[in-house]
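*Asks:* A single structure is presented below for examination.
The values are calculated or read from the model by the stated rules, or taken from the named source; none is laboratory data. Note that the structure is a prediction, hence the values are computed from the model and not measured. Note that each Cβ is placed from the backbone with ideal geometry, even for glycine, and that neighbours are counted across all protein chains shown.
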């Protein structure tokens, strides 16, 4: 009974005095332990956002205030993870204008993004390449190789050709070894970065068996880990099932793009699984209820498979609803956000593998060129901002509860000090 009273006293003392160290996004490297993320010895849950435009905008010093505003507004809602591009290959104002040749001004833009994220306590997931033509993508890599005499018939040769893979490995090496001109820290040593992403939404439709992308992920995951053992790594998957789980493949929304959620995420160097959810695109023409129903099952099965088949954490790294869809309303978007967030919260509070969701995408005022239908300008979407803030508070509370349990378990009711 005496020990029970001491424990209750300590809980009250912690609540009153704040003796527990608050888990801050800027402290330490995020790790994994089984199906959970860990930070500073405690469990880590994250509400977050996508903002692919950060480096591009920050490469113009006169526009950097918009990057700062995005982090400031996100932080005010309790958002602690941002996913963004660490690539821009060829084209206008590129980071990499030729294989192995980099624009220092754009690189300083990425330096600034990382420094500002640290200042606002936000972790970054940095994607290293794009499946699509936006900002160059695998098409640009293949074209570079063609211009140097390689006979390539498909953009999917990005995943197969040794010359192209050499270009991509050079980009990995350059990014990970980059010296940040604002912080003085090598990227591979910077805990402000939560994880690297191999490629945004890899697809290899020329090999629906999945063998090509499986081999590529194995090779590139091993290469990243050979340079950087500090950071987590994920593949960038949308979550489509493949031949390793034919019973799950029927859940795919009509896509066979050569990826395999289970097999790809079983690669030893891949630390956590990712899933995207765009029922308004994948099930275009269906009503909102059908889309929500699909999304709920889609998330449920991926969370189950992350726990029982992969034994790794999972994050919903992209989701959203476009105002360009017919019949769009802020209410329907808020319903979708609430549903995604509830799935994350339900998993987290039960000790499950889901650790957070990143909506697509956060914008601030003055960036109309980046509007794609999915953008959330927080000042213009108060109801959605409120939904986002509520989720941040709920995940923070779970984090505190689990941290407190660990603290009590470690101390077994003992008073601290003399």
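*Asks:* Kindly check whether there is at least one residue in segment 275-289 that is touching a strand residue (DSSP E or B) at 6+ places or on another chain (Cβ under 8 Å) and over 22 Å from residue 329 (Cβ atoms).
*Replies:* Yes, because at least one residue in segment 275-289 is touching a strand residue (DSSP E or B) at 6+ places or on another chain (Cβ under 8 Å) and over 22 Å from residue 329 (Cβ atoms).
*Asks:* Also, I was wondering about something else. Only residues that are free of Cβ contacts under 8 Å to residues at least 24 places away in the same chain and part of a helix (DSSP H, G or I): list them for segment 337-361, please.
*Replies:* 342, 346 - these are the residues of segment 337-361 that are free of Cβ contacts under 8 Å to residues at least 24 places away in the same chain and part of a helix (DSSP H, G or I).
*Asks:* Quick check on my filter: what residues within segment 371-399 are farther than 30 Å from residue 38 by Cα, out of contact with any strand residue (DSSP E or B) (no Cβ under 6 Å at 6 or more places or on another chain) and not in a loop (DSSP other than H, G, I, E, B)?
*Replies:* Residues satisfying the conditions are 379, 380, 382, 383.
*Asks:* Would you point out the residue of segment 283-294, among those that are surrounded by fewer than 22 Cβ atoms within 10 Å (Cβ to Cβ) and outside any loop (DSSP other than H, G, I, E, B), that is modelled with the lowest pLDDT? Give the steps one after another, and end with the answer.
*Replies:* If we filter segment 283-294 for residues that are surrounded by fewer than 22 Cβ atoms within 10 Å (Cβ to Cβ), which is where we start, we get 283-290, 292-294.
The next check asks that each one be outside any loop (DSSP other than H, G, I, E, B); those that pass are 288-290, 292-294.
On the way: 288: 86, 289: 89, 290: 90, 292: 93, 293: 93, 294: 95.
Selected residue: 288.
*Asks:* Right, something else. Looking at 357, 389 in this structure, which one is touching a helix residue (DSSP H, G or I) at 6+ places or on another chain (Cβ under 9 Å), over 30 Å from residue 135 (Cα atoms) and at pLDDT 95 or above?
*Replies:* Testing whether each residue is touching a helix residue (DSSP H, G or I) at 6+ places or on another chain (Cβ under 9 Å), over 30 Å from residue 135 (Cα atoms) and at pLDDT 95 or above leaves just 389.
*Asks:* Also: Residue 237 - would you say it is over 21 Å from residue 132 (Cα atoms) and touching a strand residue (DSSP E or B) at 6+ places or on another chain (Cβ under 8 Å)?
*Replies:* Working: over 21 Å from residue 132 (Cα atoms): no; touching a strand residue (DSSP E or B) at 6+ places or on another chain (Cβ under 8 Å): yes.
The answer is no for residue 237.
*Asks:* Going by the structure shown, is residue 151 more than 30 Å from residue 40 (Cα to Cα), within 18 Å of the chain's Cα centre (by Cα), surrounded by fewer than 16 Cβ atoms within 10 Å (Cβ to Cβ) and at pLDDT 95 or above? Give the derivation first.
*Replies:* Values: more than 30 Å from residue 40 (Cα to Cα): yes; within 18 Å of the chain's Cα centre (by Cα): no; surrounded by fewer than 16 Cβ atoms within 10 Å (Cβ to Cβ): yes; at pLDDT 95 or above: yes.
It is false that residue 151 is more than 30 Å from residue 40 (Cα to Cα), within 18 Å of the chain's Cα centre (by Cα), surrounded by fewer than 16 Cβ atoms within 10 Å (Cβ to Cβ) and at pLDDT 95 or above.
*Asks:* Report, by residue number, each residue of segment 307-336 that is farther than 16 Å from residue 372 by Cα, within 22 Å of the chain's Cα centre (by Cα) and either assigned to a loop (DSSP other than H, G, I, E, B) or free of Cβ contacts under 8 Å to residues at least 40 places away in the same chain (or both).
*Replies:* Once the filter is applied, which keeps residues that are farther than 16 Å from residue 372 by Cα, within 22 Å of the chain's Cα centre (by Cα) and either assigned to a loop (DSSP other than H, G, I, E, B) or free of Cβ contacts under 8 Å to residues at least 40 places away in the same chain (or both), segment 307-336 yields 308, 311, 312, 313.
*Asks:* Report yes if some residue within segment 61-76 is in a loop (DSSP other than H, G, I, E, B) and either farther than 20 Å from residue 200 by Cα or touching a helix residue (DSSP H, G or I) at 6+ places or on another chain (Cβ under 8 Å) (or both); otherwise report no. Can you show your working first?
*Replies:* Restricting attention to segment 61-76, the residues satisfying the condition of being in a loop (DSSP other than H, G, I, E, B) are none.
No, the conditions are met nowhere in segment 61-76.
*Asks:* Another question, then. Residues 112, 135: which one is at positive phi and not in a strand (DSSP E or B)?
*Replies:* Working: 112 fails: at positive phi.
Residue meeting the stated conditions: 135.
*Asks:* Now, a different point. Here are the criteria: (1) part of a loop (DSSP other than H, G, I, E, B); (2) more than 20 Å from residue 82 (Cα to Cα); (3) in contact (Cβ under 8 Å) with a residue 12 or more places away in the chain. Tell me which single one residue 151 does not satisfy.
*Replies:* Here residue 151 meets the rest and fails (3).
*Asks:* Just to be sure I understand, how many residues within segment 89-102 are outside any strand (DSSP E or B) and touching a residue at least 12 places away in the same chain (Cβ under 8 Å)? Step through it out loud before you land on a result.
*Replies:* Restricting attention to segment 89-102, the residues satisfying the condition of being outside any strand (DSSP E or B) are 90-95, 99-100.
From what's left, touching a residue at least 12 places away in the same chain (Cβ under 8 Å): 90-91, 93-95, 99-100.
Summing the residues that are outside any strand (DSSP E or B) and touching a residue at least 12 places away in the same chain (Cβ under 8 Å) in segment 89-102 gives 7.
*Asks:* Is it true that residue 129 is touching a residue at least 40 places away in the same chain (Cβ under 8 Å) and under 16 Å from residue 190 (Cα atoms)?
*Replies:* Values: touching a residue at least 40 places away in the same chain (Cβ under 8 Å): yes; under 16 Å from residue 190 (Cα atoms): no.
Taking the combined requirement at face value, the residue does not satisfy it.
*Asks:* Here is a follow-up. All but one of (1) at pLDDT below 90; (2) closer than 28 Å to residue 240 by Cβ; (3) part of a helix (DSSP H, G or I) hold for residue 406, so report the exception by its number.
*Replies:* (2) is the only condition that residue 406 fails.
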